[in-house]
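As structure tokens, the structure follows; a few thoughts come after it.
The values are calculated or read from the model by the stated rules, or taken from the named source; none is laboratory data. Owing to the predicted nature of the structure, the values given are computational and were not obtained by experimental measurement. Positions of Cβ are backbone-derived with ideal geometry, glycine not excepted, and every protein chain shown enters the neighbour counts.
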Amino acid sequence: MNLLNNIKQYSLRFPKSMAARKPTGGTLTYKELESCSNSLACYLKNNLPNDKSPIIVYGHKDPYMLVLFLACVKASHPYCPIDTSIPMERTVSIIEAVQPQIILTTESLDIEHPKILSLEEIKSICASTERDTQIDITIKDEDVFYILFTSGSTGTPKGVQITAKCLDDFLSWLASMVKAHNINGPLVFLNQAAFSFDLSVMDLYTSLFLGGTSYLLDKETQLDFKKLIPALKGSGVSVWVSTPSFANLCLADRNICGDLLPNLKLLLFCGEVLTNKTALQLMERFPEAKIINTYGPTEATVAVTGQEITREIAQRVEPLPIGRPNPKIQIEIRKENGQPADIGETGEIVIIGDTVAKGYLGQPELTERFFSERQNGGQFTRAYKTGDAGFIDEEENLHYAGRLDNQIKLNGYRIELGDIESNLINLEDILEAAVLPKWQGGKIKNLVAFVTADLDAQESFDERAFSRNVKKQLKVKLPEYMVPKKIIRLDSLPMNSNGKVDRKKLGELIK
Ligand code: AMP
């Protein structure tokens with residue numbers, strides 16, 4: 001696999017070069033990454049059956065997370081990262097879906113499982129193994145490299161299985177885009193997204209693919225300008241990878257500019273709409289840097305299209321285009337009747353090609369609903385129906401035109417509204433639920449839940465206490481960003497003529 005070969009070569013040629021660094025001091029060199037992941041892979045090979053079963057990696061932004069990821073893969077087991085910000089109930093449900101034989105951790109994880117290795121134990125395994133241990137890497141193109149869980153409409157997250165070939169093909173495309181910008185000096189990638197989100201793959205693995213350094217920004221630093229600004233100042237970041245939401249948050253502080261990040265040459269965005277306003281503001285703040293808007297779902301390995309956003313485009317085209325596809329990918333626009341759309345006509349974006357995932361872990365029916373196989377010149381490739389609306393313009397650029405379902409993006413996070421609704425309905429007293437996004441200035445500002453509840457008629461109803469209590473219960477089940485800002489109790493939910501909840505009517509209540 002190109003990625004693993006490249007890492008090995010860098011570890012031999014530039015052993016002391018940093019593969020990852022944290023603002024608070026943690027570091028990992030290429031030599032350490034290569035030798036520790038080999039040692040841990042040997043341990044895994046010796047202690048697990050050779051069955052390609054997935055391994056959970058639990059932690060946050062410790063540089064050692066990279067060792068754990070690569071060790072799993074080198075031992076022929078896919079890894080599934082779980083970030084510490086995911087609530088315990090959801091963590092447990094992911095672990096139940098994955099059924100790992102071992103869980104590798106960099107942070108403490110207090111759950112019942114026969115084999116959880118702590119960071120100390122892992123480090124001692126690496127230290128006790130012979131230095132320069134070599135390992136016979138047997139990963140094949142179609143073997144699963146990682147599994148990422150994303151919000152599922154039924155209330156339980158679904159695990160997207162990305163193969164080694166998906167990742168290699170994504171990386172060779174993205175790396176060539178980065179290389180085309182001739183960044184002089186050290187390549188340092190900003191890692192903002194948690195490892196359990198696929199945006200992190202864009203910076204982490206492109207960096208390793210190109211011999212760069214990942215600069216790991218933990219959540220606490222991201223949420224506090226007093227920590228963030230000094231962290232960025234000493235970072236040497238040359239490639240910024242984040243959601244547009246995080247860039248917007250940073251734009252709120254004028255100190256975050258070219259003077260703070262003098263090496264910054266490229267800003268890569270993915271995951272949600274990059275607005276013209278944000279792009280133009282970023283051009284003012286970072287006049288030396290180029291901006292690339294990329295598009296794609298987790299199910300097609302991070303991003304499948306991309307385009308440089310010049311000042312001319314940002315001033316002329318609104319909304320911004322999301323560009324042309326990776327040459328290994330084909331984009332089709334399908335109209336509601338299943339027919340291909342003409343240039344300029346809007347329909348569902350279907351992604352066909354080598355970076356499309358192998359489907360959802362252990363969910364054949366769900367996989368069949370969204371994924372299919374296509375024959376392409378005698379060869380089979382996978383296709384994925386994104387649920388995104390879009391069109392292709394006369395210059396062959398793809399444009400995003402919203403969702404065709406109830407999936408949304410809030411502050412860069414992918415959320416199925418049905419996921420929140422199912423979790424609400426499972427709470428005591430809640431009978432029905434409908435969650436709606438509240439829009440402001442063309443962006444989703446927050447979420448509002450409408451519920452009906454089975455409450456004791458004798459008691460007087462305290463709306464604030466009710467809302468507080470519902471949110472408290474939800475926080476145990478869902479990540480913080482999925483908990484609606486407002487919970488409104490109604491006597492009944494309005495229905496439309498199809499007998500479905502009338503979301504339009506509910507939407508009018510929050511305008
Ligand atoms: P995720 O799987 O979390 O990466 O989310 C994928 C979804 O994010 C896509 O299906 C789109 O709805 C949305 N998305 C990704 N990139 C963009 C973009 N550049 N512009 C608008 N929406 C995007």
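Annotations
- Identity of the residue in the stretch 324-344, in a loop (DSSP other than H, G, I, E, B) and among the hydrophobic types (A, V, I, L, M, F, W, C), that ends up farthest from the ligand (Cβ to nearest atom): I343
- Of all residues in the stretch 92-126 being free of Cβ contacts under 8 Å to residues at least 12 places away in the same chain and not in a loop (DSSP other than H, G, I, E, B), the one that is nearest to the chain's Cα centre (by Cα): E96
- A count restricted to the stretch 294-316 and to residues that are in contact (Cβ under 8 Å) with a residue 24 or more places away in the chain and over 27 Å from Y360 (Cα atoms) stands at 5.
- Matching residues in the stretch 374-406 - criterion: being polar (S, T, N, Q), part of a strand (DSSP E or B) and either at positive phi or more than 10 Å from the ligand (Cβ to nearest atom) (or both): Q375, N376, Q379, T381
- A247 meets all of the listed conditions (1) in a helix (DSSP H, G or I); (2) over 17 Å from E288 (Cβ atoms) but one, namely (2).
- If you filter the stretch 182-197 down to residues that are modelled with pLDDT of 90 or more and not in a strand (DSSP E or B), you find that the one that is nearest to Y215 (Cα to Cα) is Q192.
- Top-ranked residue in the stretch 456-490 [being assigned to a loop (DSSP other than H, G, I, E, B) and of a type in the set (D, E); ranked as nearest to P437 (Cα to Cα)]: D462
- The stretch 268-280, subset of a type in the set (V, I, T) and within 11 Å of the ligand (Cβ to nearest atom), residue nearest to Y400 (Cα to Cα): V273
- Screening the candidates A314, A289, A303 for the property of being of a type in the set (A, V, I, L, M, F, W, C), under 20 Å from F391 (Cα atoms) and touching a Phe, Trp or Tyr at 6+ places or on another chain (Cβ under 8 Å) yields one hit, A303.
- Matching option when the condition is part of a strand (DSSP E or B), basic (K, R) and either loosely packed, with under 15 Cβ neighbours inside 10 Å or free of Cβ contacts under 8 Å to residues at least 12 places away in the same chain (or both), among K409, K445: K445
- Considering residues of the stretch 281-323 that are of a type in the set (G, A, S) and in a helix (DSSP H, G or I) only, the residue farthest from the ligand (Cβ to nearest atom): A314
- Y58 vs. criteria more than 22 Å from the chain's Cα centre (by Cα), crowded, with 23+ Cβ neighbours inside 10 Å and modelled with pLDDT of 95 or more: no
- Just one of the listed residues (K31, K45, K52) is on the phi > 0 side of the Ramachandran plot and either in contact with a His (Cβ under 7 Å, 6 or more places away or on another chain) or part of a helix (DSSP H, G or I) (or both), and it is K52.
- Considering only residues in the stretch 448-469 that are out of contact with any helix residue (DSSP H, G or I) (no Cβ under 7 Å at 6 or more places or on another chain) and touching a residue at least 40 places away in the same chain (Cβ under 8 Å), the one that is surrounded by the most Cβ atoms within 10 Å (Cβ to Cβ) turns out to be V448.
- Matching residues in the stretch 412-429 - criterion: being outside any helix (DSSP H, G or I) and buried (at least 22 other Cβ atoms within 10 Å of the Cβ): G412, I415, E416
- Test: residue in the stretch 255-265 that is within 14 Å of the ligand (Cβ to nearest atom) and of a type outside the set (K, R): no
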